[in-house]
Amino acid sequence: MSISNNIIEPQAKEDLKTSKYNSLILYNDSKNTFDHVISCLVDICNHDVIQAEQCAYIANYKGRCDIKKGEYKFLKELKDALIKNGLIVTIE
């Protein structure tokens, strides 16, 4: 796993693309406020407010949170949008 410019990329991208279900993982950071993270999860991932709050708190206290499961192609679009909003996410 490599980290650069707030983007965490797994080593074997090919394995992710062939897997039926992958996870979109949100990582804790010290730059974004809870309100910003919650707003991004609601707007981009279609979470309800309570679900978004829970994900933000889990990421804050545990360092990461699984925020969405699905096919790589679908998660890639969400990942790109979240990264554009300053969040640190990866697909595993």
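Key figures
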read-out: Simple spin-label estimate for LYS76 and VAL49 in nanometres, 7 Å along Cα-Cβ; value: 3.5 nm
read-out: Size of the stretch 14-91 as Cα extents on the principal axes (Å, biggest first); value: 34, 22, 21
read-out: Cα-based Lys proximity count in the stretch 14-91, under 26 Å, for pairs eight or more positions apart or on separate chains; value: 28
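No value in this document is a laboratory result; all are computed from the given coordinates. Note that the coordinates shown come from a computational prediction; the quantities given were computed from them, not determined experimentally. For neighbour counting, all protein chains shown are included, and Cβ atoms are generated from backbone atoms with ideal geometry for every residue, glycine included.
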